Every structure is written in structure tokens, then in C-alpha cells.
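Undergrad: Dropping a structure here in C-alpha cells format, bear with me for questions.
Since every read-out is calculated from the coordinates, none of them should be taken as a lab result. Remember, predicted model here, so these are calculated numbers, not experimental data. Note that each Cβ is placed from the backbone with ideal geometry, even for glycine, and that neighbours are counted across all protein chains shown.
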Amino acid sequence: MSNESPEPEETDDLSKSRNELPAHEVLEKIRNGETISNVRINRLRLRGEFTTPVRFKNCTVSRLIIENATFTEDVQFFRCTLDRPDSSRKNIFAKGLDLNESTIIRGTFRGLHVRGQLSCREIRAKGKLLFADAEFQKVFFWDANIEGWFEFKNCKLEGSGDFRSMQMAEGCNFIGCQFQQEFLLRGTSVTKKLDFGNSRFEKMLDLSKAKLYDFVYLEEIHQGEQQQFAFENAIAERIRIRPEQVEGRLASEQTGKYESAMQEYGLLKQCFQNLHRFDQEDWAFYRFKVNQRRGVGRSWKRPWTKVGQFANWLFLDLGCGYGTNPFRAVVAAMVIILSFGLIYSVGIEQFNIDASEYPFEGAVTDVVNRTVIGMMTSMAVFTSGLGDSLGRAHGWMNLPLIVEAFLGTLLFGLFIVAFSRKVIR
């Protein structure tokens, strides 16, 4: 076993026990390429060009100001305490900015241009943490603990935005931002609202496994052509989003992972229900049922499974939209009546019809008599069943009569269920 003892956690007592190093001496050491460690620094101002690495370790820096600075090498604050840091104007970090495991108290970072990665792994933020008017290649906030509000405003990310497994005791805002690659909020916990404002997303917006305890605002976002969503195993009750934003953009559905897609649509259904958006809830429920049907294993080795899938699609999906669209049943009924009416018109000779029952003068085989008798027979069989048509046909014509009577009874039931559901809702 190793005999090395872990480094102590940052505490107020430890911070006070450190020796204070004047700001001008700190600047000298930085210019000489030295690492600053285990000291307290007050009102350090970084401006101008720095051609050597800037590295702080286990330091307490109060009132850090970064203004019009250019850093050609890497910049690192490792396990430091930054009390009210502030950056303004344009500050260029050519090889990245590392704040890993640091504590930031009421941090305001404006005008950052980080050409490498902004790395904030396991940081702890007390009070509001703001990044504004900044550009990054990548950001990494793995397991960060934010005790105040967390805000990104008017920021541009050329690479991935990795905000996974964060803990946010307050809320989070991403306003006016551009995310050109994937945005990952997987596994993150947000106690108050999560607002994406009018930000633009070009690729994946991943909220999988996120725990979102208040409203999530996605209605105003801008979406690129390749933008997609993921909500798998998320805990959320009030996601404000429109169906047209999700249609064709759910990653699991597009990649054939229908069981995952079913679960995600179930989540959206519950959110719409909580928001009393019942038409949108119906849409989510319909997509849920479609993916449930697609996710069931089918095989031609078990042909009955294929027959069941076809019947599910024909009667429940096409027939009434799984109970969400009664007007589909009306359209299906019209198609069935017209189709069987055509069959009866073609086989009019198979019916026993008295001349007194012809709707028009002439022979029963005339086009007008064929058409009217066929449609009247189809309407009667569809609405009333076989009762009035028994014995009127002979031969093969009895088969379509039986089929239409069965379809009519079935569609009437589906229409009543779907229509009643709509009216009650």
C-alpha cells in the first residue's frame, strides 16, 4: 500500500493559515514560469501578454481580475479558492483554462476566448457562477457542484458541451448560446428551473438520466438540421416543448431503439399531462404506442406475429390512432364503404334483387344501378351488419359481406372509444 497521505481539503482555516504573497511578486514569478502554490493572494490583476504557463495550486486568490489578457500557454488553477473573480473585455487562452477541483465564490467570467478546453471538473461554486460573451472549443464540468445559480449567456461552443453529473442547488440558464456539437446534461441534477432560452443547438441535446425538479424550457430554442434529443431514464415532470420540435429528432427512435423511444415518449406524455396540454399528450401517447408496436419481436418463422403486427397497424394505428384520433375511424369507414361498394357493383349479378327494387329504370347491370345498389348495400352492411342482407347474395359474394360486417362492428367500437376519450378530456 502507498504511504502517501491525501492532500487536505480546502477549508477557511487552511486558507487563513497560508502566507500572503503580494500581487507584484506573483506576477514576477509567473513571468519566470514558476508555479504559485500554497499562498494567499489579494487583488491580483492579470493583463497583457503571458508567454509562460500560468499555474496556481492550492492557493486562495481574492478579487482576481483578468482584463485584456492573452495567455499563449496553459492556464491552471488547481484546487484553488477564487473569491469573486472577474474577467472583462477580451481574454484569450490559447491552450485552455483549467479550474479543476477549485472553489469559486461568486464568479463572473466575461469575454473569455478559450481555444482549448475550459475544464471545470469537480469545481465547487458558491453563489452565482456566470459565463457571458465567451467562446470555447470545449467545456467540461464533470461532477461540478453549483450551490448558486449557473448561467451561460451569449456563449459559443465549437466543440462539445459536457455538463454531465453536475449538482445544481438552484437553477440554470443557457441564454443566447450556440452549441455546434453535442450538449450533454446526462445525469445532472437541477433543483430549480432549467431554461435554454433562445439558444441554438446543432447536434445532440442529451438530458438522459437527468434529474430535473422544476420547469424545463425548450420551446424557444433554435434547432439545426442535425439536432436531436435524448430523454432516456430522465426524471422530469414539466418539460415545456412542442411536438413539432421532437418529431423526427428523437435519437433512439431514429436509430431503431424502439424500447428506449417508447420510454422517452412516455416521459413526454406525463409532462404534457402535468401541463394540461391534452392534444400534445395524445401525440406523445400515439408515438409511445407506435414504438411499442415496433419494439415487439417479429419473425416470419412465427407468421402469427407478423399477422398480429399487421392487424395492430391496420385497426389500432390506421383505424383510430390508438384511441387518440376518432376522425381516422371516420376516414377508414368511408374507405371501407367505398371499397366494398365497388366490389358489390362489380358482382351485382350475385345478388337476388327484384326489379321493383332498382333505384333507376333499366337493367340491374346498368352503370347507374350497379353503382347505387353497390353503395347502398355496402352502407347497410357496414352500419347494420348482416341482418338485412342474409339470403340476398349467393356464391362468393357472401365472403365480402361477412368481412365488411365484421369491420363495421370493429370500427364503430374504436370510434366510440376514441370519441368518448376526446370528449371526456
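Undergrad: So how strong a dipole does the chain carry about its Cα centre when Lys and Arg Cβ are +1 and Asp and Glu Cβ are -1, to the nearest 20 debye?
TA: 720
Undergrad: Quick check for me: using +1 on Lys/Arg Cβ and -1 on Asp/Glu Cβ, what's the dipole size of region 326-424 about its Cα centre, in debye to the nearest 20?
TA: The dipole magnitude comes to about 640 debye.
Undergrad: Another one. I need the phi-derived Karplus couplings for region 130-146: 6.51 cos²θ - 1.76 cosθ + 1.60, θ = phi - 60°, integer Hz, Gly and Pro marked x.
TA: Running phi through 6.51 cos²θ - 1.76 cosθ + 1.60 with θ = phi - 60° gives 10, 10, 9, 6, 10, 10, 9, 7, 8, 10, 9, 10, 4, 6, 6, 10, 10 Hz.
Undergrad: So, one more: What list of ³J(HN,Hα) couplings, whole Hz, do you get for region 311-325 from phi and the Karplus terms 6.51, -1.76, 1.60, once you set θ to phi - 60° and write x for glycine and proline?
TA: 5, 4, 5, 5, 8, 8, 7, 5, x, 8, x, 6, x, 9, 9
Undergrad: Now for a different question. Would you mind checking the radius of gyration and Dmax of the chain based on alpha-carbon positions, in Å?
TA: 34.1, 116
Undergrad: Between ILE66 and residues 5 or more places away or on another chain, which pairs have amide H atoms under 5 Å apart, with H built 1.01 Å from N, and which residues are they?
TA: LEU46, ASP86, SER87, SER88
Undergrad: Going by amide H atoms built from the backbone, whose H comes under 5 Å of the H on PHE196, apart from near neighbours?
TA: PHE174, TYR217
Undergrad: Sequence-distant or interchain residues sharing an amide H contact under 5 Å with CYS80, placed H: which?
TA: ASN58, CYS59, SER102, THR103
Undergrad: Per DSSP H run of at least 4 residues, take -39500 (n - 2.57); add these up for the chain, divide by its residues and hand me the 222 nm value, nearest 500 deg cm²/dmol.
TA: For the chain, the value works out to -10000 deg cm²/dmol.
Undergrad: What is the spread of the Cα atoms of region 145-235 along each of their three principal axes, largest first, in whole Å?
TA: 32, 27, 23
Undergrad: Do any trypsin sites (Lys or Arg not before Pro) in region 301-335 lie in a DSSP loop with no more than 14 other beta carbon atoms within 10 Å, and if so, which?
TA: LYS301
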